[in-house]
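Please treat every number below as a calculation from the coordinates, not as lab data. Note that this is a predicted model, so its numbers are computed, not measured. As a convention, Cβ positions derive from the backbone with ideal geometry for all residues, glycine included, and neighbour counts pool all protein chains shown.
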Amino acid sequence: MLSLVSCVGRVVVLLAAVLVTTSITMSGEWGEEGVTYGQLGKDVTLTCAGVSPGSTATWQWNGAPALPEDSAVQQGQLFLPHAELSSEGLYSCHDASGLLLSSITLRLGRAPGLPSISCRASNYENFSCFWASSLETFLPTKYITTYRKKQLPGSENRRSPTSDVGLCVQDPAQPFSCTVSKSQFWSSYRMNVTEVNPLGSSFRLLDITVQAIIKPDPPEGLRVEPVPSAPRRLRVSWEYPSTWPKEPHFQLKFRLQYRPVIDNSWSVVETANVSEVITDAFMGLEHVVQVSARDFLDAGSWSEWSAEAWGVPATGLTAVPSEAATAAVESENPAEGPSLAPQNEPVAGRSDPTEKVAVLVSLGVFAFFVLAVILVFAFLMWVRVKKHSKEATKNHDLLAAAIHLKALPKAQIL
Ligand SMILES: *[C@@H]1O[C@H](CO)[C@@H](O)[C@H](O)[C@H]1NC(C)=O
Ligand SMILES: *[C@@H]1O[C@H](CO)[C@@H](O)[C@H](O)[C@H]1NC(C)=O
């Protein structure tokens, strides 16, 4: 066991020895002349250029004779074991008389890790890839972004699949992303993002097809308006995202989510139009609405939800909406393509079935009430009439008795 540990230890030492020689890169291509790059945590050795063999050199660090802890000077070379970020700086070596022989700026960092990549197409013409470094390297870094396009299996014979290599173009204004223009919807692409820094390079590949990564931007210009004389309706309209080129072959479909502001659960409807009438809004309540888009044939995924818009249904039941208001609502959608013309357009003055039912029910309730009042009245009348007739009968009996008395013979009375 012990021998195994010492063996592993020896291998580590050997590895470290190899790394000492590889941990230093001197490079002008990174725009920093005279800079030497060393690997963090590894042993770094600085060589004094210009020192004559056999003579000794002294070192200074940032203009002072104090050198980083643990450092050692051996035969004119400065040895920094397990270099840390704090050991960066300007090192200079001097001869015995203090004359400057050479100077080195030391920067420390790590070789690149594997970048992570994701790609997204906000339309079917171009797509973009985004990447992130997986490791803090502390060093200047650049990325080489290329792709190799693979034709569909059927079309491979016509063109050599190896010839379709291209650059994914980087825009300095948008770091960590690149764009492939004029992409082909049905082709697959092998993306290669290579992270390069003075200590090495590392690449990651990602296979994509445009139709799988398509994710439109959210629709724009969302508006929510009351429908005159319809207290349970809201008219919602929006526009295609400006990044989606309008072509008859590549349409979007939409889904709308809405809820009263005071409620937390959304209702969702899907539509192919750029407007929709909500028919089950809550009277008098403010509603919040959002819309999202997706390729009409379900390629890729839904866009993010748009910004929210708010609206309150019209209050009160005016019998006839004013002509002006109706005209205004209709003129907001001037001649869009016939396929985009909103269906379900409410006709002015026509109420919906639920409203009719409500009116019928309230009429019924009213009629019932009137009937009940009449019945109660009739009952009271009847009671009164009955009481009256009872009294009349009583009087009649007394009278009859009196007559009977009168009619009796005198002898009987006496
Ligand atoms: C696609 O990229 C090209 C070139 O960068 C650009 O001219 C075009 O407007 C882009 N298309 C869309 C729909 O963004
Ligand atoms: C990825 O790109 C880098 C830099 O261009 C290149 O060295 C590497 O070979 C590429 N990898 C593949 C698999 O094409």
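Phi angles across segment 77-88 convert, under the Karplus curve 6.51 cos²θ - 1.76 cosθ + 1.60 with θ = phi - 60°, into 3J(HN,Hα) values of 8, 9, 10, 10, x, 6, 4, 10, 4, 5, 8, 5 Hz, Gly and Pro given as x. A Förster radius of 45 Å combined with the Cβ-Cβ distance from Asp171 to Thr315 puts the calculated FRET efficiency at roughly 0.35. Look at His94, His82, His249 and count the other Cβ atoms within 10 Å of each Cβ; fewest to most, that gives His249, His82, His94.
Taking the fewest neighbouring Cβ atoms within 10 Å as the starting point, the ordered list for Leu90, Leu40, Leu101, Leu167 is Leu167, Leu90, Leu101, Leu40.
Here the gap between Gln75 and Ser181, fully extended at 0.36 nm per residue and compared with their Cα-Cα distance, gives a gain of 32.4 nm. The ranking of Leu85, Leu206 by Cβ neighbour count inside 10 Å, starting from the fewest, reads Leu85, Leu206. FRET efficiency for the Lys142 to Leu100 pair, using the beta carbon distance and R₀ = 22 Å, is estimated at 0.10. Using 18 Å as the Cα-Cα cut-off, could you pick out the over-long pairs in Lys150/Lys253; Lys215/Lys253; Lys150/Lys215; Lys150/Lys182; Lys182/Lys215? Distance filter (> 18 Å) returns Lys150/Lys253; Lys150/Lys215. Model label points for Lys253 and Ile374, set 7 angstrom from Cα along the Cα-to-Cβ axis, are 5.6 nm apart. Fully extending the segment from Phe296 to Ala212 would add 28.9 nm, taking 0.36 nm per residue of separation and subtracting the current Cα-Cα distance.
For an R0 of 56 angstrom, estimate the FRET efficiency from the Cβ-Cβ distance between Arg223 and His82 and round to the nearest 0.05. E between Arg223 and His82, to the nearest 0.05, is 0.30.
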